[in-house]
Structures are given as structure tokens and as C-alpha cells.
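The values are calculated or read from the model by the stated rules, or taken from the named source; none is laboratory data. Since we're looking at a predicted model, the values are computed, not measured. Note: ideal-geometry Cβ built from the backbone for every residue, glycine included; neighbour counts use all protein chains shown. Only protein heavy atoms, including side chains, enter the accessible area calculation; ligands, DNA and RNA are left aside. Shrake-Rupley method; radii C 1.70, N 1.55, O 1.52, S 1.80 Å.
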Amino acid sequence: MSEREDRLAGEFPFIPRQERAQQKRNALLESGRILFVSKGYEHTTAKEIAAHAGVATGTFYRYFS
């Protein structure tokens, strides 16, 4: 069993170790903050946050449930 499979389901957020991955996660966090402030939490989607951060929607779900 790999380290990733060994984790419990729902153990989030995943904290990346590589600098490039950390930059993507930070971009997602900042984009979420900006969009939540401007549009509100209920009107912001994961797809919008990912697009604003310049990453694929799947990347959002890699770091956040």
C-alpha cells in the first residue's frame, strides 16, 4: 500500500513538498480569497477558483476536498 493510500479519506488539505506545487496551492488559496470577497462564498465555484489561479479544476481537488 502506498503512502497516499494509507491515509484516511478526507484527510485534507494535502500540503505539497515541491516548490512548484506549493506555488499552485498558494495561487488557489489566494484566488479563493479574492473570489469569496468579490462574489461571496455561496456564488464561487471550484472551477472559477482554478481558472482564476491558472490551473486545471482537477488541481483544485488535489489539494482541497
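All of (1) assigned to a helix (DSSP H, G or I); (2) surrounded by 15 or more Cβ atoms within 10 Å (Cβ to Cβ) hold for Ile34 with one exception: (2). Gly40 fulfils the conditions (1) at negative phi; (2) modelled with pLDDT of 95 or more; (3) not acidic (Asp, Glu) except for a single criterion, (1).
Filtered by the rule that a residue be touching a helix residue (DSSP H, G or I) at 6+ places or on another chain (Cβ under 9 Å) and of a type in the set (Asp, Glu), segment 30-44 gives a lone residue, Glu30. Filter segment 37-65 down to the residues that are among the aromatic types (Phe, Trp, Tyr) and within 16 Å of Pro16 (Cβ to Cβ), then identify the one that is least open to solvent (accessible area, probe 1.4 Å). Taking the candidates together, the pick is Tyr63.
Are any residues in segment 1-35 at pLDDT 85 or above and more than 12 Å from the chain's Cα centre (by Cα), and if so, which ones? Hits for segment 1-35 are Gln18, Glu19, Arg20, Ile34, Leu35.
Looking at segment 13-31, which of the residues that are assigned to a loop (DSSP other than H, G, I, E, B) and not basic (Lys, Arg) is surrounded by the most Cβ atoms within 10 Å (Cβ to Cβ)? So the residue we want is Pro16.
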